[in-house]
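Bear in mind these aren't lab numbers, they're just calculated from the coordinates by the rules spelled out. Owing to the predicted nature of the structure, the values given are computational and were not obtained by experimental measurement. Because the Cβ atoms are built from the backbone with ideal geometry, glycine has one as well, and the counts that use them run over all protein chains shown.
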Amino acid sequence: MFNVETYSGSREKNYDLVIKQLKALIEDEKNSIANLSNASALLNQFLDRINWVGFYLMEDGELVLGPFQGLPACVRIKLGKGVCGTAASKRETVRVEDVHAFPGHIACDAASQSEIVVPILKNGNVIGVLDIDSPEKNRFDELDQQKLEEFVEVLAQSI
């Protein structure tokens, strides 16, 4: 059974704790959908000031909606399109302070103001992305990026 932790340390220590929780959740589970579902739920309860968190998975050369927490979302995203497609095609994290200033932004939730997308790499291939939206501009910083990249590295081992 999962117990909700009180995240009372520094932001860095709190991220380290959530990564430790992720490891515990996925260590004995081989099912990718189960692990992605628990990962999105874990991030949803951990992160504040967000309105969507989830995954898009690579399928037939495009990103397809996977497990998530939030309002219904766009189902398919072409590589190079929107923040998710850009992160996947560049194979690097894309952090956007104001989504309305991002050329080609795909608006799934009108409340979203900022976004971070972390590509998921396995055996050198992009297999998906972690996408997190916030109703606040400039919600995500360098620490969020660094720790979410670590989170995704751990998760990639189980999907």
Check: Hey, what do the phi angles of segment 80-86 turn into as Karplus ³J(HN,Hα) couplings, whole Hz, using 6.51/-1.76/1.60 and θ = phi - 60°, x for Gly and Pro?
Finding: x, 9, x, 5, 5, x, 5
Note to self: Which trypsin sites (Lys or Arg not before Pro) in segment 59-107 sit in a loop by DSSP (not H, G, I, E or B) and have at most 15 other Cβ atoms within 10 Å of their own Cβ?
What the structure shows: 91
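Sort the following peptides by mean Cβ neighbour count (other Cβ atoms within 10 Å, averaged over residues), highest first: 32-38, 83-89.
On the way: 32-38: 17.9, 83-89: 23.4.
Highest mean packing first, the order is 83-89, 32-38.
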Check: Based solely on its DSSP helices, what 222 nm [θ] is calculated for the chain when runs of n ≥ 4 H residues each add -39,500 (n - 2.57) and the sum is averaged over all residues, nearest 500 deg cm²/dmol?
Finding: -11000 deg cm²/dmol
Note to self: Which lysines, if any, have their Cα less than 24 Å from the Cα of residue 81, not counting same-chain residues under 8 positions apart?
What the structure shows: 90, 122, 137
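Sequence gap at least 6, Cα distance under 8 Å: using those rules, report the relative contact order of segment 16-159 to the nearest whole percent. Each step should come with its number before you reach the end.
On the way: 292 pairs, mean separation 38.2, N = 144.
Result for segment 16-159 is 27 percent.
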Checklist line | Amide H contacts of residue 128 (H built 1.01 Å from N, under 5 Å, at least 5 apart or other chain) | finding: 58, 120
Item checked: Hz values of 3J(HN,Hα) by residue in segment 111-119 - Karplus curve (6.51, -1.76, 1.60), Gly and Pro given as x -> 6, 5, 10, 9, 7, 9, 10, 10, x
Next item on the list: Would you pull out the residues with amide H under 5 Å of residue 79's amide H, same chain only if 5 or more places away, H placed 1.01 Å from N?
Entry: 63
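With charges only on Cβ, +1 for K and R and -1 for D and E, what is the dipole size of segment 25-159 about its Cα centre, in debye, rounded to 20?
Dipole about the Cα centre, nearest 20: 380 debye.
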